[in-house]
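What follows is a single structure, written as structure tokens, with notes after it.
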Amino acid sequence: MRLLEWLRRAPVDAEERITPAPVLRLKHLLGVLDRNAEHQARVAALLRRFWREIDSAALLADFASRRAWTCGASSGAASAPACCR
């Protein structure tokens with residue numbers, strides 16, 4: 001959890017960046033994993049366990065219900081966002 005927090009909550013610099021800080025942090029993490037086989041194996045095992053144990057149907061159903069809630073009940077309505085028409 002701390003790793004995800006570190007990736008997502010990058011401090012905002014006063015100067016504008018071309019590449020957002022979370023992207024730079026992710027690149028750094030992938031570089032560390034690429035250079036360290038032990039860490040790479042541990043992260044790979046963690047991700048395999050996550051995908052094996054997650055209820056993907058419920059995850060997708062939650063995503064679909066949020067989209068329907070955001071876009072409104074009638075996707076053909078003129079006021080619906082373009083993604084829902």
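Computed from the coordinates by the stated procedures, all read-outs in this text should not be read as laboratory data. Model, not experiment: these values are computed from the prediction. Virtual Cβ from ideal backbone geometry, glycine too; neighbours counted across all protein chains shown.
Points to keep in mind about this one:
- Reference-scaled alpha-carbon Rg (2.2 N^0.38 Å with N residues) for the range 1-62: 1.43
- Burial ranking of peptide ranges 47-56, 26-35 (average Cβ count within 10 Å, highest at the top): 26-35, 47-56
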